[in-house]
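Trainee: The structure that follows is given in the form of structure tokens.
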Amino acid sequence: MNDIPHTMEFSLNFSFAQEGSFLATPDPVRLFEHRLNQSLRKHGLAGTPFAFAFDVNEHQRLHAHGVIVVQPELQKAVKLALRHAGGIVEGKAGSRQVMLKREADRHPSGWHRYTTMSHAKVRKLFADHSVSVDRTSYVSVPYRRMIK
């Protein structure tokens with residue numbers, strides 16, 4: 001991630017309705033990947049490389065953390081695409097729904113450790129909601145090609 005130009009980290013909180021749809025489907029990762037690709041395409045950003053992992057916060061709310069390749073002039077469009085994919089949150093919480101930042105010196109082992117820790121929390125939440133597919137993260141094909 002550190003070596004790919006214009007790669008930014010993102011955090012995305014889901015609306016209650018969108019979170020509910022993720023917890024009601026057998027494969028939430030597939031549903032979010034589909035929604036994100038659809039939203040990126042709608043905003044003229046088809047083929048944008050990204051990767052994400054689900055996480056659970058202290059209130060047992062599902063959300064996503066990831067990386068996405070963003071040209072500086074397209075950051076606003078990417079944030080909007082992420083908001084739409086997560087279900088737009090209104091009000092004060094909406095201003096904190098999407099966070100985009102560049103951490104140039106992030107060590108890869110930190111991401112591995114973080115997603116490993118969140119994997120157990122997400123699996124428990126998924127089990128509580130009878131989610132049948134045991135996946136908590138996704139790497140898009142364009143992103144995989146960039147990191148080879």
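The values are calculated or read from the model by the stated rules, or taken from the named source; none is laboratory data. The model shown is predicted, which means the values in this text are computed figures rather than measured ones. In this analysis, Cβ positions are derived from the backbone assuming ideal geometry, glycine residues included, and neighbour counts consider all displayed protein chains. Note: areas computed on protein heavy atoms with side chains; ligands, DNA, RNA excluded. Shrake-Rupley method; radii C 1.70, N 1.55, O 1.52, S 1.80 Å.
Trainee: Modelling each spin label as a point 7 Å along the Cα-to-Cβ direction, I'd like the residue 63/residue 141 distance in nm, to one decimal.
Mentor: 3.2
Trainee: Using the Cβ atoms and a cut-off under 12 Å, what net charge is assigned to the surroundings of residue 98, where Lys and Arg are +1 and Asp and Glu are -1?
Mentor: Charge balance in the 12 Å sphere: +4.
Trainee: Let me ask you something else. Expressed in nm to one decimal, what extension gain is obtained for the pair residue 120 and residue 101 from 0.36 nm per residue of sequence separation less their Cα-Cα distance?
Mentor: 4.3 nm
Trainee: Now a separate question. Once you have the alpha carbon radius of gyration of the chain, what is it after dividing by 2.2 N^0.38 Å, with N set to its residue count?
Mentor: In units of the globular-protein estimate, the chain measures up at 0.99.
Trainee: Using just the Cα positions, wrap region 35-96 in a convex hull and report its mean projected area in square nanometres, one decimal place.
Mentor: 4.6
Trainee: Under 18 Å from a label point 7 Å along Cα→Cβ of residue 6: give me every residue in region 119-148 with its amide N that close.
Mentor: Zone members listed by number: 140-148.
Trainee: Give the calculated FRET efficiency between residue 148 and residue 92 to the nearest 0.05, with a Förster radius of 35 Å applied to their Cβ-Cβ distance.
Mentor: Approximately 0.25, to the nearest 0.05.
Trainee: Could you check how much of the accessible area of the chain is carbon and sulfur, as a whole percent, using a 1.4 Å probe? Intermediate results must be reported in sequence, preceding the final value.
Mentor: Numbers: 4530 of 8260 Å².
Accessible surface attributable to carbon and sulfur in the chain totals 55 percent.
Trainee: Would you calculate a helix-derived [θ] at 222 nm for the chain, using -39,500 (n - 2.57) for each DSSP H run of n ≥ 4 and dividing by the full residue count, to the nearest 500? Kindly include the intermediate steps, with their values, before the conclusion.
Mentor: Numbers: 6 runs with 67 residues, N = 148.
Estimated from H runs of four or more residues: -14000 deg cm²/dmol.
Trainee: Zone of residue 128 (label point 7 Å along Cα→Cβ, backbone N under 14 Å): which residues in region 52-84?
Mentor: 55-63
Trainee: In region 6-147, what is the count of Lys pairs whose alpha carbons are under 15 Å apart, counting only pairs at least 8 residues apart or on separate chains?
Mentor: Eligible lysine pairs with Cα atoms under 15 Å apart amount to 4.
Trainee: Further question on the same structure: Taking the alpha-carbon centroid of each part, what is the distance from region 24-41 to region 59-105 in angstrom?
Mentor: When both Cα centres are located, 15 Å separates them.
Trainee: Counting only other residues whose beta carbon sits under 10 Å from that of residue 85, what net charge do I get with K and R as +1, D and E as -1?
Mentor: Value of the local net charge: +2.
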